[in-house]
Amino acid sequence: TQHQDLYSQALTSLLWNQSYYSWDGASGVAPDWAGKVSASNVLLMPDKWKYPWLDSWDSAFGAVTASLVDPQIAENQLSFVLSDQWEQPDGHIPCSEWTMDQECPPIFAWAVWRVYEVNHDQAWLAQVYPGLQANYDYWWKSNQVGDALFTAGSLGMDNLPRSSAGLPRVDATAW
């Protein structure tokens, strides 16, 4: 294709950023989380040199992309985020070790489905389903502010441009 070199470089970079990640919450960053998480896995990182930590919703996007070349990496990534090693008993999925209490946009069901469309692995789908259901229930119980209207955390606004003063703004902080 026209952009084959760019695609190859992007996928190579994604796979290159797999790193061993180990964190039990006991660091100075979020000491209240000691014993609540037990991360010890090889995972895709946003950038293993600049951002060498798990970022849950980046992991979902990375897993979808990784499924194009290695569906097993994608499965492992999402399985970890939706496991009791990271997801909390109430269904809360921490964003990252820097923002454990904040919400990530609820994109994990979408990511799981996209990976399933590549691998058609029903056993894996059955394995991650309880984590998806717990996260769904958590959102409805904890983050609903109106009839199917939700709010929480940054919800993905971190990279969106803001309009200049005096210009109308779109409020995209809830679904």
Explain nothing, just the number: relative contact order of region 20-128, from Cα pairs under 8 Å at least 6 residues apart, as a whole percent.
24 percent
Taking the radius of gyration and the Kirkwood hydrodynamic radius from Cα positions alone, what is the Rg/Rh ratio for region 79-137, to two decimal places?
0.98
Amide H neighbours of Q18 under 5 Å, at least 5 residues apart or on other chains, H built in the peptide plane: list them.
M45
If you plug each phi of region 89-104 into the Karplus form 6.51 cos²θ - 1.76 cosθ + 1.60 with θ = phi - 60°, what whole-Hz ³J(HN,Hα) values come out, in order, with x for Gly and Pro?
x, 7, x, 5, 10, x, 5, 7, 5, 8, 9, 5, 7, 7, 8, 9
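For the chain, with all protein chains present and a 1.4 Å probe, just round the carbon and sulfur fraction of the accessible area to a whole percent. Please report the intermediate quantities before stating the final value.
Values: 5600 of 10140 Å².
Accessible surface attributable to carbon and sulfur in the chain totals 55 percent.
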Please compute the per residue accessible area over the chain with all protein chains in place, 1.4 Å probe, rounded to a whole number of Å².
58 Å²
Considering the chain as a Gaussian network with a 10 Å cut-off on Cα pairs, which listed residue, I107, I73, I93, attains the greatest mean-square fluctuation?
I107
Taking only DSSP H segments of four or more residues, each worth -39500 (n - 2.57), what value at 222 nm results for the chain once the sum is divided by all its residues, to the nearest 500 deg cm²/dmol?
-12500 deg cm²/dmol
Please report the spacing between the Cα centers of region 31-83 and region 1-21 in Å, no decimals.
16 Å
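By how many nm would the segment from D90 to V118 grow when fully extended, if each residue of separation counts as 0.36 nm and the alpha-carbon distance is taken off?
Values: separation 28, 0.36 × 28 = 10.08 nm, distance 2.96 nm.
The span from D90 to V118 would gain 7.1 nm if fully extended.
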From the phi angles alone, apply the Karplus equation (6.51, -1.76, 1.60; θ = phi - 60°) to region 118-130 and give each ³J(HN,Hα) in whole Hz, x where the residue is Gly or Pro.
8, 9, 6, 8, 5, 5, 5, 4, 5, 5, 8, 4, x
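The values are calculated or read from the model by the stated rules, or taken from the named source; none is laboratory data. In this text, all values refer to a predicted model and were calculated from it rather than measured experimentally. Heads up: the accessible areas ignore ligands, DNA and RNA and are worked out on the full protein's heavy atoms, side chains in. Shrake-Rupley method; radii C 1.70, N 1.55, O 1.52, S 1.80 Å.
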